[in-house]
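Following: one structure in structure tokens, then a few remarks.
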Amino acid sequence: MKLKLQTPLVKLHEYDIAGLSAAMARKLAMAVAAFTYKNDLADARVEDLLNYFPMRYEDRSNLIQIDQLTDGMEASIDLYARVAGGFAVGKNRPRGAPPLFIFEITGGDAERTRKPVVVWWFVSGKGAFRIVNYWKERFERGTRFVAYGKWEWDARKNTFALRINKPDELEILHSETDYNEFGLLKNLPSADEDGENNPKSKTQNLKSEADEELLEDVDNPEFAPIHVGRRVPVYRKLGQFQTKRLREIVYNVLQNLDKSTIKETLPKDLCERQNLIARAEAVEEIHFPPENSDISEYETARSKAHLRLIFEEFFWVSFALQLKRGERAKEPK
């Protein structure tokens, strides 16, 4: 059973899309409805989701290595957590001010042949201590993640460091690395693993409602190739769905979509004259650039997919304006 553009998002679980449950399909529909200013989440369609375009793109087909970093470089690095934790700062803060922490992750390559780098961000507020414990559990030793941003040389630590605004900017990935082989040993489960003294169980209880999206943020090997080894879209957070989960959902939607439901809206001769690709092709490629595409064209919205959809929008706006002018010209003076 194939999806159509007008398929309601609340029914995505019936099509086994990206492992979505009925509850999460409903949350996705709610988020898309809010984005498209629709009052009823049942009105949110597959077409609306596909109109939620990436904010940028990353070329993960050939990620640079740590030893290729330079001061001020913007780059994505594939890292494995070695040590993660937070420490309190701002001892001279005013009395009654909420606690302030810096959370740091020291990460390196899987082979442990290059100097580790540091990723950090501020954590503040009344729940800062609990938040620090939560992220410490998320980035336990050996966790694989991608960090993107402007890397700067930290003379104090004698390595490169990346400051991010919030941990949502990091993307935890599925890993098949043998941690024993590379020395990335995870903690062995204790005898009371399921007991009340298990720190992992305590940490899991710290999840707030704002972190509900992580309940389905599981490492599914089926989706691993979507996130690395290719050019990938990066989306703004949509409701409770972060970029990694959105990428999986959009990819699976496109794989199961009946492309014939994406109707061509421009005359064929016009597309040929303007050297425009088909609308169905543009919808797919604006989310997942082809392997031979120039990522810089996507970053500047000059790709074939962007040019096609931009031209289409301006064409119909211009057409509507011409109709309006024609109606005014017919009005009696």
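Below, the figures for the structure above:
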{"read-out": "Residue that is modelled with the lowest pLDDT [pool: residues in the range 299-330 that are among the charged types (D, E, K, R) and more than 31 Å from the chain's Cα centre (by Cα)]", "value": "Lys330"}
{"read-out": "Exclusive hit being on the phi < 0 side of the Ramachandran plot, part of a helix (DSSP H, G or I) and at pLDDT 95 or above, set Ala84, Ala34", "value": "Ala34"}
{"read-out": "Selected residue (criterion: surrounded by the fewest Cβ atoms within 10 Å (Cβ to Cβ)) from residues of the range 79-95 that are touching a strand residue (DSSP E or B) at 6+ places or on another chain (Cβ under 6 Å) and touching a residue at least 40 places away in the same chain (Cβ under 8 Å)", "value": "Val83"}
{"read-out": "Count of the range 130-173 residues which are touching a strand residue (DSSP E or B) at 6+ places or on another chain (Cβ under 8 Å) and either of a type outside the set (Lys, Arg) or outside the structural domain of Glu104 (by TED's automatic domain parsing) (or both)", "value": "28"}
{"read-out": "Meets criteria (touching a Phe, Trp or Tyr at 6+ places or on another chain (Cβ under 6 Å), surrounded by fewer than 18 Cβ atoms within 10 Å (Cβ to Cβ) and either without any contact (Cβ under 8 Å) to a residue 60 or more places away in the chain or closer than 25 Å to Thr300 by Cβ (or both)) for Ala128", "value": "no"}
{"read-out": "All positions within the range 257-296 that are over 20 Å from the mean Cα position of the chain (by Cα) and among the charged types (D, E, K, R)", "value": "Asp258, Lys259, Lys263, Glu264, Lys268, Asp269, Glu272, Arg273, Arg279, Glu281, Asp294"}
{"read-out": "Subset of the range 37-57 (residues that are aliphatic (A, V, I, L, M), assigned to a loop (DSSP other than H, G, I, E, B) and within 19 Å of the chain's Cα centre (by Cα))", "value": "Met55"}
{"read-out": "Number of positions in the range 32-46 that are closer than 15 Å to Gly239 by Cβ and buried (at least 22 other Cβ atoms within 10 Å of the Cβ)", "value": "2"}
{"read-out": "Of the criteria (1) buried (at least 19 other Cβ atoms within 10 Å of the Cβ); (2) touching a strand residue (DSSP E or B) at 6+ places or on another chain (Cβ under 6 Å), which one Thr7 fails", "value": "(2)"}
{"read-out": "Some residue of the range 58-67 being within 17 Å of the chain's Cα centre (by Cα), β-branched (Val, Ile, Thr) and under 23 Å from Val228 (Cα atoms)", "value": "no"}
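The values are calculated or read from the model by the stated rules, or taken from the named source; none is laboratory data. Since the structure is predicted, the reported quantities are computational estimates derived from the model, not experimental observations. When we count neighbours, we look across all protein chains shown, and the Cβ atoms used for this are built from the backbone with ideal geometry, even at glycine.
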